[in-house]
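Asks: Submitted below is the structure of interest, expressed as structure tokens.
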Amino acid sequence: MCKIGIPRGMFFYDYFPMWKEFFQELGIEIIVSSKTNKEILNSGISSCVDEACLPVKIFHGHVQYLKDKVDYIFIPRIMSIDKMEYCCPKVLGLPDMVRCSIEKLPPIIDTQINLRKSNTKYKKAIYDTGKLLGKDFWEVKKAYKKAEKSYERYTYLLNKGVVPIEAIKIYDKVFKDINYSSRHNELTIMVVGHSYAIYDEYLNMNLVSKLMSNNIKVITPEMINKDKINRYSNKLPKRMFWTHGKKIVGSAFSLIKEQKIDGIIYLSSFGCGMDSVLVDLVERKAIKEEIPFTLLTLDEQTGEAGINTRIEAFIDMMKWRNRDENNISAFR
Ligand code: SF4
């Protein structure tokens, strides 16, 4: 049976359930790279160009992990997923970067997703991918329908407040069996940033789990519905044409404005050009509405003490603030 490798990086956390269903329905075995670890990080750093951001370097490490184990590697070229919008240039060129940086690769399936003008090209991209794997139109159509359903179930879970790392594990279950009711949480924190920064547990040193184990409810941009994101991002004086930037800003603005959170942790990756704009927008909004904000920049260091101290201090400050509601730090 043909084997396709799916690197556990970049948009893995956004689309994996859909990709998995599609390929499995076509009778193809999928192999996912292991969770990010020190070897993957180091091989990514040594095989990628120095100028790339950290998530792209880590992605190279995941490709290195897979390259001798599979017949193909799936790296879709996600150019645009919404009308008149784009993804980051490093995402657009990801298959080319990988091809140029890593030797002896199996063929890369770089299905192009470009919905900037219309959705019509999307279906063609899906059918072309199936054709490449020797499947006929009807087989691909059936697999695509199932994949769509799977994606709907996955996004349903996210909208119910399940974080993607958990949703990926449970999305196959019968939904009525899933208990969404949560215990009373002392604080609610929004963790904002790109999905690959929030859900790669090695990269962010288990931030989400650490917060949850401190009885904190965590909200991430993936849990906010698209209409709300559009409504709030439209309040910017200039239209945001990066889809993922719009998601970050719109979701953060909505929770800040509706005063639904006690604080915001922005997870930024070292070398991210987009974040240099987005962090400032979210921070200014948080300061204006008197919501505590902290920025954690993720880099290649692997010591946990620094991040733990920052999280503890941030949580203490919010608890202190809740006890004395008039207390607003001079540094916000
Ligand atoms: S948005 Fe930032 S982190 Fe993501 S690929 Fe682009 S530069 Fe890298």
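Asks: Which residues, taken from the range 93-109, are buried (at least 17 other Cβ atoms within 10 Å of the Cβ) and within 16 Å of the ligand (Cβ to nearest atom)?
Replies: Across the range 93-109, the qualifying residues are Leu94, Pro95, Met97, Val98, Ser101.
Asks: Moving on to the next point. More than 30 Å from Met84 (Cα to Cα), loosely packed, with under 12 Cβ neighbours inside 10 Å and of a type in the set (Lys, Arg): is that true of Arg323 in this structure?
Replies: Answer is yes for this residue.
Asks: When residues of the range 93-116 are filtered for being at pLDDT 95 or above, in a loop (DSSP other than H, G, I, E, B) and touching a strand residue (DSSP E or B) at 6+ places or on another chain (Cβ under 6 Å), how many remain?
Replies: The total comes to 2.
Asks: Restricted to the range 1-46, and to residues that are of a type in the set (S, T, N, Q) and away from the ligand (no atom under 16 Å from the Cβ), which residue is surrounded by the most Cβ atoms within 10 Å (Cβ to Cβ)?
Replies: My answer is Ser33.
Asks: For the range 38-92, give me every one of the helices (runs of 4 or more DSSP H) that falls completely inside it and has 1 or more residues that are at pLDDT 95 or above and β-branched (Val, Ile, Thr).
Replies: Once the helices (runs of 4 or more DSSP H) in the range 38-92 are filtered for at least 1 residues that are at pLDDT 95 or above and β-branched (Val, Ile, Thr), what remains is 38-47, 54-66.
Asks: For the range 193-284, give me every one of the helices (runs of 4 or more DSSP H) that falls completely inside it and has 1 or more residues that are away from the ligand (no atom under 15 Å from the Cβ) and hydrophobic (A, V, I, L, M, F, W, C).
Replies: Of the helices (runs of 4 or more DSSP H) lying wholly inside the range 193-284, those with at least 1 residues that are away from the ligand (no atom under 15 Å from the Cβ) and hydrophobic (A, V, I, L, M, F, W, C) span 207-213, 226-233, 243-257.
The values are calculated or read from the model by the stated rules, or taken from the named source; none is laboratory data. It should be emphasised that the depicted structure is a prediction, and the values quoted were computed from it without experimental measurement. Virtual Cβ from ideal backbone geometry, glycine too; neighbours counted across all protein chains shown.
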